[in-house]
Amino acid sequence: MFSGQLIGVDVGGTKVAVATLENERLSDPVVQPTQAESADDLLGEVIAAIESARGPSTAAVGIGVPSVVEFATGRVRSSINLHLADLNLRAVLEERLGLPVFVDNDATLAALDEAFDDGGRALVQNLVMFTVGTGIGGGLVLGGRVYRGASGAAGELGHTLIGADLAHGAPERDRFPQSGSLESLAAGRELDRLAEKLAAHAPSSRLGKLAASGQPIDGHVAVQSAKAGDPDSIELLRVLGERLGVGIANAINTFDPEVVAIGGGVSTAGDLLLGPASEVARRFMLPGVGERTEIRLARHGQEAGVRGAALLAGLELAESDAVRAATRTGPQPA
């Protein structure tokens, strides 16, 4: 069990969410829209969110960002949707807050959320996380620990190539997400495109009629229509789910995990996405691999980011304390 209060922060392109974890209970997240147009503006909003949650027993802060993070230093190596590229976010925040701060990729923190309970105890030893939102992120917990790779950036599962045209050898490099990547074929942006295309080419469909009435058509509308029983929208989610299933099969064949969890905004489609994804993943798994793998939806929805961030703070603080204690004690006699 962690000691003290832990603050979890989930930084997105349009919002900052913050919650506290104390005595194994997560507070209700507070979400504030962000309108930052610079790194300084965004830092000010993040600091304000943290200070609003800070209490006398606050011990550490965990922060998730949709960016490639050098975990050892807390430096944001690259960031597409935020003004944080090449910023040592951890050092800046520790200086301004006077607290230990830990920074990681938001999908990695979603994996932490799935694999650990509120006291930091491992529930799953080997887990692969897919976050299916506007893009597709990924996180890995292997052997009961987060796996970050040599540079701290492992888990970019959205950039797994599942549909590249290799008839004449490797294609030319494209901008990211690459053509044929899981993200280009199965993320929320692709569902937006498929929904818009359906509405334009089938004016008598539910989506076509909504478009004719002036309703903007995107993936959210497609999910809502599918849940309402619209067969065309259900078909769009089948296509997206089956594409996702190919990526899941690749992950299972590589890691043989106990759990594959699917989170992110598109996962609100529930079984309409999970069903075809699971069926295709099982179809393409190597016989003998993944026999113990559960493919399921993520457990905590919109709380996953802040909860994972708070867990990160607690786990890293506990590890730092253990290292300091071992250093003070020194080697024990045989």
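Descriptive notes on the structure:
To keep it simple, each residue is scored yes or no on (1) surrounded by fewer than 17 Cβ atoms within 10 Å (Cβ to Cβ); (2) closer than 26 Å to VAL146 by Cα.
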position: ILE7; (1), (2): no, yes
position: SER57; (1), (2): yes, no
position: GLY74; (1), (2): no, yes
position: ARG77; (1), (2): yes, yes
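- Neighbours by Cβ (under 6 Å, 6+ apart or cross-chain): first from the range 288-306, free of Cβ contacts under 8 Å to residues at least 40 places away in the same chain; second exposed (fewer than 15 other Cβ atoms within 10 Å of the Cβ): VAL289/ASN253
- Considering residues of the range 14-51 that are of a type in the set (Gly, Ala, Ser) and under 19 Å from the mean Cα position of the chain (by Cα) only, the residue surrounded by the fewest Cβ atoms within 10 Å (Cβ to Cβ): ALA17
- Some residue of the range 211-220 being within 19 Å of THR293 (Cβ to Cβ) and crowded, with 18+ Cβ neighbours inside 10 Å: no
- GLY119 being more than 19 Å from VAL31 (Cα to Cα), outside the structural domain of SER320 (by TED's automatic domain parsing) and at pLDDT below 95: no
- One residue stands out in the range 124-134 among those that are surrounded by fewer than 24 Cβ atoms within 10 Å (Cβ to Cβ) and closer than 16 Å to GLY158 by Cα: the one that is modelled with the highest pLDDT, namely GLY133.
- Selection count, the range 270-305, where residues are of a type in the set (S, T, N, Q) and surrounded by 15 or more Cβ atoms within 10 Å (Cβ to Cβ): 2
- Conditions (1) over 23 Å from ILE63 (Cα atoms); (2) assigned by TED's automatic domain parsing to the domain that holds VAL46; (3) among the basic types (Lys, Arg): number failed by ARG307: (1)
- For the range 146-187, the tally of residues that are assigned to a loop (DSSP other than H, G, I, E, B), over 30 Å from ALA313 (Cα atoms), hydrophobic (A, V, I, L, M, F, W, C) and out of contact with any Gly (no Cβ under 7 Å at 6 or more places or on another chain) stands at 3.
- The set of residues in the range 274-292 being of a type in the set (A, V, I, L, M) and more than 19 Å from ARG243 (Cβ to Cβ) consists of LEU286, VAL289.
- Scanning the range 257-269 for residues that are at pLDDT 95 or above and surrounded by fewer than 19 Cβ atoms within 10 Å (Cβ to Cβ) turns up just one, GLU258.
- Number of residues in the range 101-123 that are surrounded by fewer than 17 Cβ atoms within 10 Å (Cβ to Cβ) and in contact with a strand residue (DSSP E or B) (Cβ under 7 Å, 6 or more places away or on another chain) equals 2.
- Exclusive hit being in contact with a helix residue (DSSP H, G or I) (Cβ under 9 Å, 6 or more places away or on another chain) and either farther than 15 Å from GLU94 by Cα or not assigned by TED's automatic domain parsing to the domain that holds GLY305 (or both), set ASP28, ASP41: ASP28
- Top-ranked residue of the range 154-183 - restricted to ones that are in contact with a Phe, Trp or Tyr (Cβ under 9 Å, 6 or more places away or on another chain) and more than 23 Å from ALA122 (Cβ to Cβ), ranked as surrounded by the fewest Cβ atoms within 10 Å (Cβ to Cβ): HIS159
- Scope the range 252-275; condition of a type in the set (Gly, Ala, Ser) and part of a strand (DSSP E or B); matching residues: ALA261, GLY263
- Exclusive hit being without any contact (Cβ under 8 Å) to a residue 24 or more places away in the chain, crowded, with 19+ Cβ neighbours inside 10 Å and part of a helix (DSSP H, G or I), set ALA249, ALA199: ALA199
The values are calculated or read from the model by the stated rules, or taken from the named source; none is laboratory data. Computed from a predicted structure; not experimentally measured. Glycine also receives a Cβ, built like all others from the backbone with ideal geometry; neighbour counts cover every protein chain displayed.
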